[in-house]
Protein chains: 2
Amino acid sequence: MTQHSTTAGGRGRRGAPSVPELVEKAQAGDPRSVGRLITLVEDASPLLREVMTLLAPLAGRARVVGLTGAPGVGKSTSTSALVTELRKRDLRVGVLAVDPSSPFSGGALLGDRVRMSEHATDRDVFIRSMASRGHLGGLAWATPQAIRVLDAAGFDVILVETVGVGQSEVEIAGLADTTMVLLAPGMGDGIQAAKAGILEVGDIYVVNKADRDGANRVRRELRNALALSDRREESWSRPVLMTTAHDGGGLDQVADTLAEHHAWLVESGELHSRRQRRAAEEVEAIAVAELRKAWAGLTQGTTLADLAREVAAGRTDPYTAADELRRVADRA
Amino acid sequence: MTQHSTTAGGRGRRGAPSVPELVEKAQAGDPRSVGRLITLVEDASPLLREVMTLLAPLAGRARVVGLTGAPGVGKSTSTSALVTELRKRDLRVGVLAVDPSSPFSGGALLGDRVRMSEHATDRDVFIRSMASRGHLGGLAWATPQAIRVLDAAGFDVILVETVGVGQSEVEIAGLADTTMVLLAPGMGDGIQAAKAGILEVGDIYVVNKADRDGANRVRRELRNALALSDRREESWSRPVLMTTAHDGGGLDQVADTLAEHHAWLVESGELHSRRQRRAAEEVEAIAVAELRKAWAGLTQGTTLADLAREVAAGRTDPYTAADELRRVADRA
């Protein structure tokens, strides 16, 4: 339990606000309350059920934008520059950094941190790193719930920054309305991009560090690769934009394109289906986490440890053990 | 279904070998058969049940070593150099690259690929990239099964290379007997290392690119940080080694230390408990994947899509929907 623990429905211990109070304050835009609710998500607090029940009818208005790309392409700088651009348009912006190399979660260079601090005093910008480490279900479990908190708190745009390696860019594509993939010259060319699987996930591609050698080649190769892998069912033609995020160059066009993509999502009905997909993943992730808790908690009869012992000793195979795990949990 | 599909227990279509034949040949060290079995894992083939039943009594002999580190520290070069060193000791080595930035899975520079190709003609080295993308359960699901294939095929050491960002290094620590964490000067110093959570997961730390400026500082800071975060329950004192993997420098000491750690694991009983933990994770991952399949397959009554629609519309919260999903799946 954390300092934010409260008694469900009532006033919390040590005067901490109750869940309904927190939700009400978060809805009014109080950053402390927003932060506390996200901490409950990070802590996988038992209070989340109550939080989510209260938030359910409040969410669904925000545009959720995923930013992903390999380490070194300038994700943090781009996030910061995009926040600046969106603020010029008077949009309230929430940032969730689930990127361990992000300055928000403590992984990157001091320069990035300083660059980001320009938003520190802006009440209409909320920046939060997500520590999903150790979670049952990780990113898939925590991020949609954190998004719902920011959404209910009235942020117009929620930027979710993830590092684009492994499965995370696939996951973010499942979570966001719009997925932006960042590349940069010298970091991996178009052909590598194709191999890394980014061609399937992006709605908008951005070649950052456009002032460097090779930027045009990256754009050209990426365009060719995108043409080959076109998602034919869609009428959205995926653009490749150029930016120099360090001085904000090209970010106006990025913000315009994000707005265009959002309009397309609404008109095409794709927004609806993406959000339904996101909800399905969220529901699944919660169901899985609850089951894992139940399995870990088996103490009577056959336990997960018993089954693991049999598997480790080669006396049974993991499939048979998995069947047995589900059977004993159902009976428990 | 792939070209490797067979009819369970019998002879496959188009003359493909049956599962028992594949397992027998793999056990005799036939690389093609080993490769086919891993393809079955990657494809989440329905034949895996039969494969794993046959492999269960054959596995448990190999030493499983996880290699992890941030992009750019020289993981691929280190893997290759370690393979060379282990071959000098006449050990058969299997390599699983679950690192999307690895040359084996197509993400890295041509130079690395060439460097690795020195092992291409060595029958006692098996190198395979794992494409876990799109899997239900991903790395946690596929990797232990691929490890079991290599284990049953008689490899003495199985190196599992993962990129150390986000949760992957935590996952690999759950899969390996010994976890080696690679760092390099200029890539992120000791303080960042601490933040990235690597201090909890390593058994052996290696500062690669030891000939570069700052290598000694990285070692010093890392040692300090490790001293502070010592895993007190363990009698293993975690060493920080120095290598120049590009010319094999220091790899003899790495191989010695791996052998020492293995001996410690056996003596302390820690090998047993780590393998049981790995088996538990494998069993859980399979059980989760089977449940997700069942949920996705709901067609009668309330489906996952129905529940997701209610959540997306804000008419219910994801926890209530998750409860309902489990209830309808139990009844189905």
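Distances between copies of B:H246, taken at a point 7 Å out from Cα along the Cα→Cβ vector and listed shortest first: 2.4 nm. Could you tell me the calculated FRET efficiency between A:S273 and A:N224, based on Cβ-Cβ distance and R0 = 30 angstrom, to the nearest 0.05? Plugging the Cβ-Cβ distance into 1/(1 + (r/R0)^6) gives 0.60. Sorted shortest first, the separations between the B:R315 label point and its copies elsewhere in the assembly read 5.1 nm; each point sits 7 Å from Cα along the Cα-to-Cβ line. Using only side-chain charges placed at the Cβ, +1 for Lys and Arg and -1 for Asp and Glu, the dipole size of region A:281-331 relative to its Cα centre rounds to 280 debye. Once the chain from A:D247 to A:N216 is taken as fully extended at 0.36 nm per residue, the excess over their C-alpha distance is 9.3 nm.
Please give the FRET efficiency for B:R87 paired with B:W236, using the beta carbon to beta carbon distance and R0 = 35 Å, rounded to the nearest 0.05.
It comes out at approximately 0.85.
A Cα-only calculation for region A:274-332 places Rg and Dmax at 14.3, 45 Å. Near A:V283: Cβ cut-off under 12 Å, other residues only, Lys/Arg at +1 and Asp/Glu at -1. The net charge is -4. Between A:M242 and A:V207, the built amide H atoms are under 5 Å apart, and every one of these is 5 or more places off in sequence or on another chain.
Label-point spacing for B:E24 across the identical copies (point 7 Å from Cα in the Cβ direction), in nm and ascending order: 7.5. Round to the nearest 0.05 the FRET efficiency obtained for B:A332 and B:Q27 when R0 = 35 Å and r is the Cβ-Cβ distance. Step by step, r from the Cβ atoms, then E = 0.35.
Every read-out reported here was derived from the displayed coordinates using simple, explicitly stated rules and does not represent laboratory data. No experiment lies behind these values; they were computed from the predicted model shown. FYI the Cβ positions are ideal-geometry reconstructions off the backbone, even for glycines, and counts take in every protein chain you see.
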